[in-house]
Amino acid sequence: MIVLIVVVAGFGEETVFRGFLFERLERLFGTGVLSKASIVFGTVFAVTGRLWMLMCAHVAFDLLALATIYLGLEQDLARLVFR
């Protein structure tokens, strides 16, 4: 499961959604602000033009989510966030 998360979610999704789609949006709308449609990860990509940081962050988030679920901590975490 961990290998699947690292390869598919982190690298695959970032490559497709940020790498491929950003390039297509730039061709369609130009390099202006309108072609950069995302929040945090999109901003990082728009500023740096690199995917490796996003891939690592995505993998870290997914692995943390998997560990939280596996260890049965999701209810405790939800109580902290949604008081």
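The values are calculated or read from the model by the stated rules, or taken from the named source; none is laboratory data. No experiment lies behind these values; they were computed from the predicted model shown. Counting neighbours? That spans all protein chains shown, and the Cβs are built from the backbone with ideal geometry, glycine included. For the accessible areas, the whole protein counts, side chains as well, though only heavy atoms, and no ligand, DNA or RNA atoms are used. Shrake-Rupley method; radii C 1.70, N 1.55, O 1.52, S 1.80 Å.
If the condition is being aliphatic (A, V, I, L, M), within 26 Å of LEU4 (Cα to Cα) and open to solvent by 100 Å² or more (accessible area, probe 1.4 Å), then the stretch 62-83 contributes LEU64, ILE69, LEU71.
Pairs linking a residue in the stretch 1-23 that is modelled with pLDDT of 75 or more to a residue that is surrounded by 15 or more Cβ atoms within 10 Å (Cβ to Cβ) and charged (D, E, K, R), with Cβ atoms under 9 Å and 6 or more positions apart or on different chains, are ILE5/ASP62; VAL6/ASP62; ALA9/ASP62; GLY10/ASP62.
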